[in-house]
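Below: one structure, written as structure tokens.
The values are calculated or read from the model by the stated rules, or taken from the named source; none is laboratory data. Because the structure is a prediction, the values reported are computed rather than measured. Here Cβ is always computed from backbone atoms with ideal geometry, including for glycine, and neighbour counts include all displayed protein chains.
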Amino acid sequence: MATTKHKLTIETPLDGGTFVSLQKSTASEGDLSMETKLSLLYRLQQTDSKIDKIHLLRGELPLEVKDLEDDIEGLKTRVENLQGEIKDVDKLLFQKKMDLDNAKLLIEKYTTQQNNVKNNREFDSLTKEIEYQGLVIELEDKRIKENTILQVEKKAALTVAITALDERKKDLENKQKELDSIVAETAKEEEELLKESELIQAQIDFRMLAAYKKVRSNARNGLAVVTVRRDACAGCFNKIPPQRQMDIASSKKIIVCEYCGRILVNADFEKE
């Protein structure tokens, strides 16, 4: 069963109207003919497409570099946090060991005092103190063991984080060198194309340029201006009726593809 292709209503980003309204407004603006304006649009498209190809050569490298930079920042934060946590555990262990040693000294002190007591009440009081310090020793010993294990775990995590950080830094260095090499090879060409694009844009009126940029931003391959090839739109490959092809060839008005919304221009512009 045949499928019905949907036609698009293309709006300019300025007044909410169609390209028809844009065509009417540009017809009375400036001294350039519609054919010249369309030719400029096609030249701009060709220049921008060349810039796109240069960016395509870089592939996913810019994104990979950005991801690595983000990973490195995250790992740096993790390393700093772990280092801070290890310092806190070290301080706590030092304090617990001090408390443990102090409890042992007190037991020795109270044990010595028991040998010199004058009555049972003093002896019992010292016995209770010795028992209490014994409980303190057990508690501090338990906390020292727990925090020692925690210290080992955090130091191991720190080693893993530092290793991962070093690896990410090496990866970033290699990716950045690769990207810089590609950029350096195409920098001059890209600079010239960007200047050419700016020069062409300066010759196109604001409304038409805005319409071009809007269509280009929505196009999957960045093509906003295309010719007719083999009786079809070179952007979406849908058939163009003969009458519309004649209108396109005349370059007297803006013709937009009914299916993809791209601006259609005379195929002779390719030869130019």
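Out of the range 214-249, which residues are touching a residue at least 60 places away in the same chain (Cβ under 8 Å) and in a helix (DSSP H, G or I)?
Scanning the range 214-249 gives Lys214, Val215, Arg216.
Quick one: would you say Gln113 is in contact with a helix residue (DSSP H, G or I) (Cβ under 8 Å, 6 or more places away or on another chain), without any contact (Cβ under 8 Å) to a residue 40 or more places away in the chain and surrounded by 14 or more Cβ atoms within 10 Å (Cβ to Cβ)?
Numbers: in contact with a helix residue (DSSP H, G or I) (Cβ under 8 Å, 6 or more places away or on another chain): yes; without any contact (Cβ under 8 Å) to a residue 40 or more places away in the chain: yes; surrounded by 14 or more Cβ atoms within 10 Å (Cβ to Cβ): yes.
Criteria met by Gln113.
Could you tell me which numbered condition Ser25 fails, if it satisfies all but one of (1) under 30 Å from Glu167 (Cα atoms); (2) part of a helix (DSSP H, G or I); (3) at pLDDT below 90?
Failing condition for Ser25: (1).
It is to be established whether one or more residues within the range 187-206 are in a strand (DSSP E or B), under 30 Å from the mean Cα position of the chain (by Cα) and under 14 Å from Ser49 (Cβ atoms).
At the first step, the residues of the range 187-206 found to be in a strand (DSSP E or B) are none.
Scanning the range 187-206 turns up no residue that is in a strand (DSSP E or B), under 30 Å from the mean Cα position of the chain (by Cα) and under 14 Å from Ser49 (Cβ atoms).
Can you tell me how many residues in the range 51-67 are of a type in the set (Val, Ile, Thr) and modelled with pLDDT of 90 or more?
First, pick out the residues of the range 51-67 that are of a type in the set (Val, Ile, Thr): 51, 54, 65.
Among the residues that remain, those that are also modelled with pLDDT of 90 or more are: 65.
Qualifying residue count for the region: 1.
Scan the range 179-213 for residues that are closer than 15 Å to Met34 by Cα and basic (Lys, Arg) and jot them down.
Arg207
Could you pull out the residue among Lys170, Lys177, Lys104 that is part of a helix (DSSP H, G or I), assigned by TED's automatic domain parsing to the domain that holds Asp90 and surrounded by 14 or more Cβ atoms within 10 Å (Cβ to Cβ)? Break it down stepwise before answering.
Working: Lys170 fails: surrounded by 14 or more Cβ atoms within 10 Å (Cβ to Cβ); Lys177 fails: surrounded by 14 or more Cβ atoms within 10 Å (Cβ to Cβ).
When all the criteria are applied, what remains is Lys104.
Could you say which residue among Asp70, Asp88, Asp48 is modelled with pLDDT of 90 or more and surrounded by 17 or more Cβ atoms within 10 Å (Cβ to Cβ)?
Numbers: Asp70 fails: surrounded by 17 or more Cβ atoms within 10 Å (Cβ to Cβ); Asp88 fails: surrounded by 17 or more Cβ atoms within 10 Å (Cβ to Cβ).
Being modelled with pLDDT of 90 or more and surrounded by 17 or more Cβ atoms within 10 Å (Cβ to Cβ) holds for just one of Asp70, Asp88, Asp48, which is Asp48.
For Thr12, only one of the following conditions fails: (1) more than 25 Å from Ala184 (Cβ to Cβ); (2) at pLDDT 80 or above; (3) touching a helix residue (DSSP H, G or I) at 6+ places or on another chain (Cβ under 8 Å). What is its number?
(2) is the only condition that Thr12 fails.
Show the residue pairs meeting these rules: Cβ distance below 9 Å; 6+ apart or different chains; first residue within the range 131-152 and touching a residue at least 60 places away in the same chain (Cβ under 8 Å); second residue of a type outside the set (Ser, Thr, Tyr) and surrounded by fewer than 14 Cβ atoms within 10 Å (Cβ to Cβ).
Taking only residues 6 or more apart or on different chains, the pairs are Gln151/Asp90.
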